[in-house]
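The values are calculated or read from the model by the stated rules, or taken from the named source; none is laboratory data. Just so it is clear, the structure is predicted and the values come from calculations on it, not from any experiment. Here Cβ is always computed from backbone atoms with ideal geometry, including for glycine, and neighbour counts include all displayed protein chains. All accessible areas refer to the heavy atoms of the entire protein, side chains included, with ligands and DNA or RNA removed. Shrake-Rupley method; radii C 1.70, N 1.55, O 1.52, S 1.80 Å.
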Amino acid sequence: GQQVQQSPSSLVLQEGENAELQCNFSSTATQLQWFYQSPGGSLVSLLSNPSGTKHTGRLTSTTVTKERRSSLHISSSQTTDSGTYLCAIDRDNYAQGLTFGLGTRVSVFP
Amino acid sequence: EAAVTQSPRNKVAVTGGKVTLSCNQTNNHNNMYWYRQDTGHGLRLIHYSYGAGSTEKGDIPDGYKASRPSQENFSLILELATPSQTSVYFCASGDAVDANSDYTFGSGTRLLVI
């Protein structure tokens, strides 16, 4: 089945620093999503980006489909960005659910 | 506001007992999903549904059943709970919006089987 690898597994930042999170997947995905999970909390969809570059607020995602990789750039990090960032791709089609990576745990200190 | 609501938020069950986790969505999404999240394994898909009356097996369906009696409701049933089913369970709803998928997750149910 599909596999999703995320790196790094954890990241420590000082407030104001930028960060780049990586996601590699095993086969062509028609859907690719980035989620944020707060400590002990639920998942919130950040970006849906199957190809190209997308921005929302301080987040930028770039997906190169033929190379089976996506990145999430966080600019000017804030303490409220602390949490786990998950990359997910569709299993076979969007209706059959998502396959998730293990995530990157981000800790931002003042 | 569209949402996915799970109940209960926390549950303690005894080994061999029956557990039902409930999920309600107001997004009017066709598709609904049950995942479990465990350290070292991440989120894994248990069952999903295309609509009322439909249930499909995900990647780890053994020991679980699902029921979708209506568009809004999707339940996960553990007929004979085991300690290995101790986990955090998330329900989600989803649909395609243009070229992208729109997913909404519930807040999760923490299940402890003793």
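Within segment A:27-49, track down each residue that is in contact with an Asp or Glu (Cβ under 9 Å, 6 or more places away or on another chain) and more than 9 Å from chain B (Cβ to nearest Cβ).
Taking segment A:27-49 first, the residues in contact with an Asp or Glu (Cβ under 9 Å, 6 or more places away or on another chain) are A:29-33, A:36, A:45, A:48.
The answer is A:Ala29, A:Leu32, A:Tyr36.
Restricting to segment A:19-50, count the residues that are free of Cβ contacts under 8 Å to residues at least 24 places away in the same chain and open to solvent by 70 Å² or more (accessible area, probe 1.4 Å). Give the steps one after another, and end with the answer.
Of all residues in segment A:19-50, those free of Cβ contacts under 8 Å to residues at least 24 places away in the same chain come to A:40, A:42, A:44-45, A:48-50.
Those left that are additionally open to solvent by 70 Å² or more (accessible area, probe 1.4 Å): A:44.
Here the count works out to 1.
For segment B:71-102, what are the residues that are open to solvent by less than 60 Å² (accessible area, probe 1.4 Å) and without any contact (Cβ under 8 Å) to a residue 12 or more places away in the chain?
Those that are open to solvent by less than 60 Å² (accessible area, probe 1.4 Å) and without any contact (Cβ under 8 Å) to a residue 12 or more places away in the chain: B:Ala96, B:Asn100, B:Ser101.
Just checking, does segment B:60-75 include any residue being within 14 Å of chain A (Cβ to nearest Cβ), in a loop (DSSP other than H, G, I, E, B) and of a type in the set (Val, Ile, Thr)?
Among the residues of segment B:60-75, at least one is within 14 Å of chain A (Cβ to nearest Cβ), in a loop (DSSP other than H, G, I, E, B) and of a type in the set (Val, Ile, Thr), which makes the answer yes.
Does B:Thr20 qualify as being open to solvent by 50 Å² or more (accessible area, probe 1.4 Å), part of a loop (DSSP other than H, G, I, E, B) and more than 14 Å from every other protein chain (Cβ to nearest Cβ)? Before the answer, list the steps.
Numbers: open to solvent by 50 Å² or more (accessible area, probe 1.4 Å): yes; part of a loop (DSSP other than H, G, I, E, B): no; more than 14 Å from every other protein chain (Cβ to nearest Cβ): yes.
So B:Thr20 fails the test.
Just to verify a result, which residue in segment B:83-106, among those that are of a type in the set (S, T, N, Q) and in contact with a strand residue (DSSP E or B) (Cβ under 6 Å, 6 or more places away or on another chain), is modelled with the lowest pLDDT? Give the steps one after another, and end with the answer.
Our first condition is that a residue be of a type in the set (S, T, N, Q); within segment B:83-106, this holds for B:84-87, B:93, B:100-101, B:104.
Subsequent filtering for residues that are in contact with a strand residue (DSSP E or B) (Cβ under 6 Å, 6 or more places away or on another chain) retains B:85-87, B:93, B:100-101, B:104.
Working: B:Gln85: 98, B:Thr86: 98, B:Ser87: 97, B:Ser93: 95, B:Asn100: 68, B:Ser101: 73, B:Thr104: 93.
Going through the qualifying residues, I end up with B:Asn100.
What's the total number of residues in segment A:49-97 that are under 16 Å from A:Ser10 (Cα atoms) and under 13 Å from the mean Cα position of the chain (by Cα)?
10
Restrict the check to segment B:30-46 and report whether at least one residue is farther than 27 Å from A:Thr84 by Cα, open to solvent by 20 Å² or more (accessible area, probe 1.4 Å) and not in a strand (DSSP E or B). Spell out how you get there, then give the answer.
Step one: of segment B:30-46, the residues farther than 27 Å from A:Thr84 by Cα are B:30.
Among the residues that remain, those that are also open to solvent by 20 Å² or more (accessible area, probe 1.4 Å) are: B:30.
Next, only the ones that are not in a strand (DSSP E or B) stay: B:30.
Yes, some residue in segment B:30-46 is farther than 27 Å from A:Thr84 by Cα, open to solvent by 20 Å² or more (accessible area, probe 1.4 Å) and not in a strand (DSSP E or B).
Does A:Thr99 meet the test of being away from every other protein chain (no Cβ under 14 Å), open to solvent by 10 Å² or more (accessible area, probe 1.4 Å), within 24 Å of B:Asn31 (Cα to Cα) and modelled with pLDDT under 95? Let's see the steps before the verdict.
Details: away from every other protein chain (no Cβ under 14 Å): no; open to solvent by 10 Å² or more (accessible area, probe 1.4 Å): yes; within 24 Å of B:Asn31 (Cα to Cα): yes; modelled with pLDDT under 95: yes.
Considered against the rule, which asks whether it is away from every other protein chain (no Cβ under 14 Å), open to solvent by 10 Å² or more (accessible area, probe 1.4 Å), within 24 Å of B:Asn31 (Cα to Cα) and modelled with pLDDT under 95, A:Thr99 comes out as no.
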